[in-house]
Each structure stands twice: as structure tokens, then as C-alpha cells.
Amino acid sequence: MSREIRKQKLNFLTPTPTKRKLFFFIGDLISFSLALMLAYVIRFDLNFPPYYQSQFLFILPIFLAVKFTCFSLFKLYGITWRFVSLNEIWNIVKASLLSLATCGSILYFSRHQSFFSGFSRSVLLIDFLLTMILTILIRGSKRIYLEKIARTTNLNAKECVILGAGRAGEQIARDLLQQYRSNSTPYKPVAFLDDDQRKIGGYIHGIKVEGKLEDIHRLIDKRQIQAAIIAIPSAAAVTLRKIVNLLKTVKINDIKILSSIIDSSRAIELTIKDLRNLQIEDLLGRDVIKIDYQSIGSYLKGKRILITGAAGSIGSEISQQVISFCPEQLILYEIDETELYNLGKTLNPTHHTHMHMVVGDIRDMPKLQRLFARFKPQIIFHAAACKQVPIMEDNPDEAVHTNIIGTYNLAIQAVQHQAEKFVLISTDKAVNPTSVMGATKRIAEYICTGLNKERDGTQFLAVRFGNVLGSRGGVLELFLEQLKNGGPLTVTHPEMKRYFMTIPEAVSLVLQAGAISVEAEVLVLDMGKPLSITTMAEEVIRLNGMEPYRDVKINYVGVRPGEKLFEELLTAEEGTCATCHQKIFTANISTRYRADEIHTMVNRFRSLLQQDQLDKEEIKALIRSYVPNYTAGETINLANAHRRPQNQRQTRKTA
């Protein structure tokens, strides 16, 4: 029985949004009433004449109604008690000013009424001040108590330095201090470093700006710094490499960094949740990307969303990001049951989202028919594809079956079930393709442009981008594995270049592309400048504390079948047009096929794949008939390739 009583007490004390709102409502009821009563008492020198007591009882309900309305308008009953900030205090000031103006107007226009006669204007001003003070105290009481009175600290927390004493650094320091005092973070901020001379010597939340970034050596001698937080959102890869190398010279290996993706639809309010471990991708090419999450949420929230290839490198990141926008249903379609299971363990849908994990193949039309009949998805992100260039050269039938017929199967179901939007994940290898993989992805784009808004139905959109850092089977994963085994690192050609972007950045831009209201059918992501694969190999070696060509060799093994030295995001004849987002452009499509031509095309590929004797060259010939600029892969004679002298390799500047 006593256990049940304790359980009931615990349930009663457990905070919930409803209990918090009720607490603030009761607290404000007492504060508003007390403020008006004390205003009378103070005005009349600690006396409360009987006449004004009657006036107080008559005016109080009016003041309460006005103040509750004003405070509700500024959403002061839904705030989090533990994290009250200057923003909430400023809203209290604005709500109090609005209530002062409203009550003053009511009193002015009702001054001829008997109950309002003799009302002192000073009572109104005193009431305004007391209302602000009391409501701020109520809302700030928990934070004051936890941080100044009952604070506990983590004695095992690592002392950390924050690099960057700007707005981002200030917000991170503030949140770190709050978490440190409540014993919920392993880090204790003890110093700032910033190259701005005007900030040096100043204090932010009681933490001194000790000097410039290069003063880290002097700081290490003074403090037991064990970790560093790089709070410079706009830092480019070159700057990051410089900072990281500086930190490694003083043996600081625990390095946190801010996300390179910024929500441009709201004021930035950074917390320690925005920090993540430094990854090698951050140092190989990184621009800050601004994303309007509000516009993305407007077309994803509350929708039924299907993601194909959901457990792949791109598909899993789409799943992670889409689920944060609270769709009604998230259907994860994947051929690999093990990877789908692993993905499901990492996703945490809210109670607003029903998640369905479906094992299936986009080449299986009956399966897709059942899937669409059951879930009727409104938004489709098509990430399933055969993407390995050399393997697809030897297996063109699989590339055709998946990238062309599979895409067609999915697109037809989207049209028949009146889906709102179909987003195809395309590639720069579809431009002037020299590989089966690239050519089949180009035909997948043709399918989307051919079926786009057929009979004013589904909007089809293809989004082209280059390589993503950290993808499975990608070059970075290969380099790290080779380095782990002692080298050498293998590069296909000294002049090989690729566009690169991190997976979260690419997916964020894909979601942003889906939100852009344009008539274009193919969008192109600005991947920045292409990065030399040799440069990447050299940086990977250096970031692991070794010197390229001295400690670890780089071997050139020859261009693989279907590869190009340099990928293009657009064909020369297409060109681009700007959109409302600085990193997304529309492609002017030069080749189009009508819907009836698309159906005929796919049927020809189907008939070819059903032959008993299937010749690879016959498949490639049919592909070439629809993609005339599809050519055989480049052949490079490494013996005649211009290699840099050994001393140039060792002193090469990084991009």
C-alpha cells in the first residue's frame, strides 16, 4: 500500500506540459492580484482606504482578464521552466507593456463611471512594475535555484576551451555551464580563445577570453585542458585544418564541432545538442549550408512518406532527417532486411509518426502495387539504385533492371495513386555519361521528366549531386581501411577529381529542393569546387599524424572501367537558372521524351532482359540509342601521365 502511495506521489510530482501551464496560471493569478493590491497600498502610504478596497475588487477581474490575455498572446504559459532565458523575460516585458496600455485605455474611456472615479494613475504604473517583477521571479525561480542555490557539479568533467568568442561560442558556453552545474555534461568550459583583439581579456558568462587561437600552448601550461570546442560556424575546411593541427600539437584529441547546416528559418539558438565529434569529412571541404526547415516542414509534416533504398547511405540519412518533421507515416522500403533492421533501431519516431519497415525490391511490380494500395504515399524519395560504377560495367542488366525499370515501376505507381511529389536522387555521373551506371541514371531522369505532372498529377523532380563523403564503399572509407592496414593508399589517376559533400549536407539540400516551388524537373546542387582525390589521400594521411609519401605511400592503379577524370554536374548545352536557394539551381533540359515514348522505351528494355542469351554490348547499344552522348570510359595511359616531382608532393598545399 505504501509503495502505491509513493508511486502516486511520484506521478503527481512528475512534470508535464499541462502541470507546468497550470502552475504558471496559478502563479500569475496570485502575482496579478498581489501586484494590484500592493500598488494601492504603496500609493496610499501603506494604507488601504475602504473606498479603494471596493474599487480594487471591481477592477481586479478586468485587470486579470487583460493580463492573462496578453501573457497568452506572447506564449508565456508554454515555456520550459528550467531554461528560461532573456527571450522569455523580454516577452514578459512586452506582455506587461501591452496590458498596461490596454488597462490604461479601459480606465481612460470609463473614467466617468462611478467605480473608476478617483483612480490614481500611479497605481497603474506601480502595478505594471510589480507585475513584471513577480512574473519574472516565478518563471526564473527554478533556474535560479538549480544554478545558484542547489547546484551540483560534475567533479570528473573535462576542462575544455571554446575556440571562438562570438555569438555561437557564447550560446554554447551558456548551455555548457547550465549542464555542468546540473551534473549532466562531461565538459567544463574554462577559457575562450579568439583572434579578435577587442574580445581578448573580456569575460563571457564568467569565462575569460584568454587570447588568440595560437595562444593555446600558453593556456595548456596554465590549465589542464583536455577537450576543445570549435564554435566557429562559418569556418572553412582550410581554417578547420589549421585549428585541428594546432590542437593536436598540444595533445588535445577530444574535439567537438558545430554542424555545418544552419536553419535559416529561425533565429539560431545553439545548445550542446548542436555539437558533434569532429569527422575527417569536415576537414576535406566544408561550406556552411543554410536550410529553411520551416519550408521543408510545410510539405513533409503530417504526410505519408515513402523512402526507397531506405537503409543505404543516402536513404538512411533521408530517413533520419524526414522523421524529425513529424510525418504521419514513414514507409521505409529496402531490399536488405538486416540493414533495414539496423536502421529501425536508430530511428526514434514521435507519437505523431507511424513507421513501417517493408522488405522489398523496386523491380517487383506486384509488391509495389500492394505497397501503394496499402499506404498511398503522398511524398516519395527514390534513393534505391545500383551505384557501383565498375561492377555495373560487368552487370549492365542489373543496372537497367534497377535504375531504369525499377524507377519506372515506382513512378507509374506514384502516378496511378496520385502521389503529390516524387523526388529522384540522381548523380553527376548522369551528365555526359561514360558508364552504364551514369547512363541508366540519365534514363531514370528521362522517366521523371516524361511523367512529370501527367494529367496534372504527380510532380516529379530529379536532384543531381556529386559524391558524398562517408558513403558505403566510397573513397574515404577505402582510404581509412587502407591506412588501418598500413597502406599504401590507392588512387586511380594523379589528376582524378570529384565533387564532394557530406551526406547530411546533401540530404538537407535534397529536402530543400523538394520545397522549392519551381516548374523545373531537374535540380542541381552546388557542390562547390571539385577536390583532387590525391589531395584527399594526402590529407587523410596527415590527419592521422603521418606524412604522405614518407610514412605512407600513394599508389596510382589506373582508371577503372566507366570512370571519368572529372565529373560534370551539367552538360554544356543545358546551362542553369538560379532558384531562391543559393546552392540549388535548375537545369535547362535539352532532351525530353513524352510519356508514351517512356512506356515504349521501358518495354524495349524489358523485352531485352527477358532474352535467354543476353549480350552486354547489346544492352549498352540500346542504352546509347536513348542517351546519344553515352560514350565508353576514358582510357588513361599512366605511363605518360604527368606526375609531380617527389618534393612537390611533399610540400603540396592543401585545398
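No lab work stands behind these numbers, since they all come straight from the coordinates. No experiment lies behind these values; they were computed from the predicted model shown. Glycine also receives a Cβ, built like all others from the backbone with ideal geometry; neighbour counts cover every protein chain displayed.
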- Query: How long is the gain from GLN369 to ASP336 if the chain were fully straight, where each residue apart is worth 0.36 nm and the alpha carbon distance is subtracted?
  - Reply: 9.9 nm
- Two-site FRET efficiency, LEU64 against TYR203, from Cβ-Cβ distance with R₀ of 56 Å, rounded to 0.05: 0.85
- With Cβ to Cβ distances under 15 Å as the rule, what net charge do the other residues near SER122 carry (K, R +1; D, E -1)? 0
- Item | SER114-VAL41 FRET efficiency (beta carbon distance; Förster radius 25 Å; 0.05 resolution) | 0.65
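Looking at segment 277-351, I'd like the Rg to Rh ratio, where Rg is from alpha-carbon atoms and Rh is Kirkwood's inverse mean 1/r.
Ratio value, two decimals: 1.02.
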- Message: Using a 7 Å offset from the Cα along the Cα-to-Cβ direction at both LEU22 and ALA101, what is the distance between the two label points in nm, to one decimal?
- Response: 3.5 nm
- When each of LYS387/LYS441; LYS199/LYS251; LYS421/LYS453; LYS158/LYS273; LYS251/LYS273 is checked by Cα-Cα distance, pairs over 21 Å: LYS199/LYS251; LYS251/LYS273
- Quick one: grab the alpha carbon gyration tensor of segment 2-149, order the square roots of its eigenvalues as a ≥ b ≥ c, and give me rounded if a/c is under 1.5, else prolate or oblate depending on whether a/b is larger than b/c. prolate
- Task: Just subtract the alpha-carbon distance of LYS248 and GLN613 from 0.36 nm times their residue separation and send over the number in nm, one decimal.
- Result: 125.4 nm
- Would you calculate a helix-derived [θ] at 222 nm for the chain, using -39,500 (n - 2.57) for each DSSP H run of n ≥ 4 and dividing by the full residue count, to the nearest 500? -14000 deg cm²/dmol
- Task: Mind checking the full-extension length gain between THR271 and SER590? Use 0.36 nm per residue of separation minus the Cα-Cα distance, one decimal, nm.
- Result: 110.2 nm
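When every alpha-carbon pair in segment 470-560 is counted, what percent end up more than 18 Å apart?
I get 54 percent for the Cα pairs in segment 470-560 exceeding 18 Å.
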- How much net charge surrounds LEU213 when only the other residues with a Cβ under 9 Å from the Cβ of LEU213 are counted, with Lys and Arg +1 and Asp and Glu -1? -2
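Roughly how many debye, to the nearest 20, is the charge dipole of the chain about its Cα centre, given +1 on each Lys and Arg Cβ, -1 on each Asp and Glu Cβ, and no other charges?
For this selection, approximately 2680 debye.
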- Let a ≥ b ≥ c be the square roots of the eigenvalues of the Cα gyration tensor of segment 158-278; is it rounded (a/c under 1.5), or, if not, prolate (a/b larger than b/c) or oblate? rounded
- Query: What are the ³J(HN,Hα) values, in whole Hz, obtained from phi via the Karplus relation 6.51 cos²θ - 1.76 cosθ + 1.60 with θ = phi - 60°, for each residue of segment 209-217 in sequence order, with x given for Gly and Pro?
  - Reply: 7, 6, x, 7, 4, 5, 7, 4, 5
- Amide H partners (placed H, <5 Å) of ILE291, local residues excluded: ILE262, ASP263, SER264
- Item | Length-normalised contact order of the chain in % [C-alpha pairs under 8 Å, at least 6 apart] | 9 percent
- May I ask you to sort ILE257, ILE30 by Cβ crowding, counting other Cβ atoms within 10 Å and putting the fewest first? ILE30, ILE257
- Query: Which whole-number percent is the relative contact order of segment 158-278 (Cα, under 8 Å, 6+ apart)?
  - Reply: 28 percent
- Extending each Cα 7 Å along its Cβ direction at ARG121 and GLU495, get the distance between those two points in nm, one decimal. 8.3 nm
- Point-charge dipole on Cβ atoms (K/R +1, D/E -1) for segment 2-149, about Cα centre, debye to 20: 740 debye
- Item | Along each principal axis, Cα extent of the chain, largest first, Å | 106, 67, 60
- Task: Rank by packing, highest mean first: peptides 222-230, 420-428, with packing defined as the count of other Cβ atoms within 10 Å averaged across residues.
- Result: 420-428, 222-230
- Task: Amide H neighbours of GLN329 under 5 Å, at least 5 residues apart or on other chains, H built in the peptide plane: list them.
- Result: LYS303, ARG304, ILE305, HIS354
- Query: Which cross-chain or sequence-distant (5 or more) residues have an amide H under 5 Å from the amide H of VAL522, H modelled 1.01 Å from N in plane?
  - Reply: ALA462, ALA587
- Highest average packing first - 321-334, 396-409, Cβ atoms within 10 Å: 396-409, 321-334
- Query: Dipole of the chain (Lys/Arg Cβ +1, Asp/Glu Cβ -1, origin at the Cα centre): which of LEU410, PHE48, THR102 lies farthest to the positive side?
  - Reply: PHE48
- Between SER33 and ARG560, the two model label points (7 Å from Cα along the beta-carbon direction) sit apart by a distance in nm of 7.6 nm
- Message: Return the equivalent ellipsoid semi-axes of segment 355-501 as a descending list in whole Å, where each equals the square root of 5 times an eigenvalue of the C-alpha gyration tensor.
- Response: 32, 17, 14
